[in-house]
1. Quick one: in segment 220-237, of everything that is in contact with a helix residue (DSSP H, G or I) (Cβ under 6 Å, 6 or more places away or on another chain), more than 15 Å from V254 (Cα to Cα) and not in a loop (DSSP other than H, G, I, E, B), which residue is least open to solvent (accessible area, probe 1.4 Å)?
2. Here are some residues: I144, I78. Which one is open to solvent by 60 Å² or more (accessible area, probe 1.4 Å), in contact (Cβ under 8 Å) with a residue 24 or more places away in the chain and either under 17 Å from the mean Cα position of the chain (by Cα) or under 21 Å from I174 (Cβ atoms) (or both)?
3. Restricting to segment 110-121, give me the number of residues that are within 17 Å of R42 (Cα to Cα) and without any contact (Cβ under 8 Å) to a residue 40 or more places away in the chain.
4. List pairs: first in segment 122-138 and more than 17 Å from A20 (Cα to Cα), second open to solvent by 40 Å² or more (accessible area, probe 1.4 Å) and of a type outside the set (F, W, Y), Cβ under 6 Å, 6+ apart or cross-chain?
5. Report every pair of residues separated by at least 6 positions or lying on different chains whose Cβ atoms are under 9 Å apart, first residue within segment 154-180 and open to solvent by less than 80 Å² (accessible area, probe 1.4 Å), second assigned to a strand (DSSP E or B) and polar (S, T, N, Q).
6. Quick check on my filter: what residues within segment 238-255 are open to solvent by 50 Å² or more (accessible area, probe 1.4 Å) and either under 17 Å from the mean Cα position of the chain (by Cα) or of a type in the set (S, T, N, Q) (or both)?
7. Take the residues in segment 199-218 that are touching a helix residue (DSSP H, G or I) at 6+ places or on another chain (Cβ under 6 Å) and either β-branched (V, I, T) or part of a helix (DSSP H, G or I) (or both), then tell me which one is farthest from M244 (Cα to Cα).
8. Show the residue pairs that are 6+ apart or on different chains and have beta-carbon atoms under 9 Å apart, the first residue being within segment 88-100 and touching a residue at least 60 places away in the same chain (Cβ under 8 Å) and under 16 Å from L182 (Cα atoms), the second being open to solvent by 60 Å² or more (accessible area, probe 1.4 Å) and of a type in the set (D, E, K, R).
Amino acid sequence: MEIKHIFTDMDGTLLNARGALAETDRWAIYYSNLPITLVSSRSPIEMQPVIEQLQLSSPQVAFNGNLTFIKNRFGIEILDKHILSPTLVTQLLDFIEKEYPQISLSWYSMTHWYIKKQDKAVFYKKALTGMEPKLKHFEGQSEIYKIMMMSFNPADLEKLQEALDHLDLENVTIRRADAYTLEITSNVGSKVAAAQQILLNEKLTFEESAAIGDSINDLSLLQAVGFGIAVENASPSIKAHVKMVVAKNTEHGVAEALSAIHDFNE
């Protein structure tokens, strides 16, 4: 069956370790002639420079499936959203700040990244995304999509995740984004659910779509689509469940994947 829509992860897949997009991949996407959706844990503002570089007009997915939007000349048009309750955000921020002060703590609205203090993890994230955080206490006015915790000591994050699991929180997903990052989002949205709704709106099935990814967070989508592709830097557990493995994200893996999709459609 012909592939008619492509979904791709950003960090570790489309972007390099510095959060940059290679020219080879940019031109491969530009000339792909297929709708392409970025599916990311990032916020829309963090995604915006890449969306503009690629001149994407199709729906995009942020916050691990909890926000689907279109970037147009007027700004961001929301298609679907799932936020965290203000009461829960307050509870979690207070708990983490009090019990785990060594953890770098952030939270995200649709348009802003908020922090309570500057630290090494914040500077790392700023360098990766080009986004500037706002120092602020949460007061409940903003719609919050994600709470992010970072530490360069993975053992600290493991202890924090165990503590959060013991809180028996409702309506949230707690996941490791990478070795140094733990994220909390609503459990209503997911990458698969967001992709399915986009395809339904286009009158397409999963079999008519492809996905490119590298992490455990991408696995369900890679398995759902008709043509799942992993980059070489993905873990063995990811590569074992896809139909193709292409070059690393730093070696134009996305461009290679798009070429393979083009050949598949021939």
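The values are calculated or read from the model by the stated rules, or taken from the named source; none is laboratory data. Not measured: the values here are computed from a predicted model. All Cβ positions, glycine included, derive from the backbone under ideal geometry; neighbour counts span all protein chains shown. Only protein heavy atoms, including side chains, enter the accessible area calculation; ligands, DNA and RNA are left aside. Shrake-Rupley method; radii C 1.70, N 1.55, O 1.52, S 1.80 Å.
1. L221
2. I78
3. Of the residues in that region, 2 qualify.
4. Every condition considered, the pairs that remain are K134/H112.
5. L157/T181; V172/T185; V172/S186; T173/T185; T173/S186; I174/T185; R175/T185
6. T250
7. F206
8. Y100/K159
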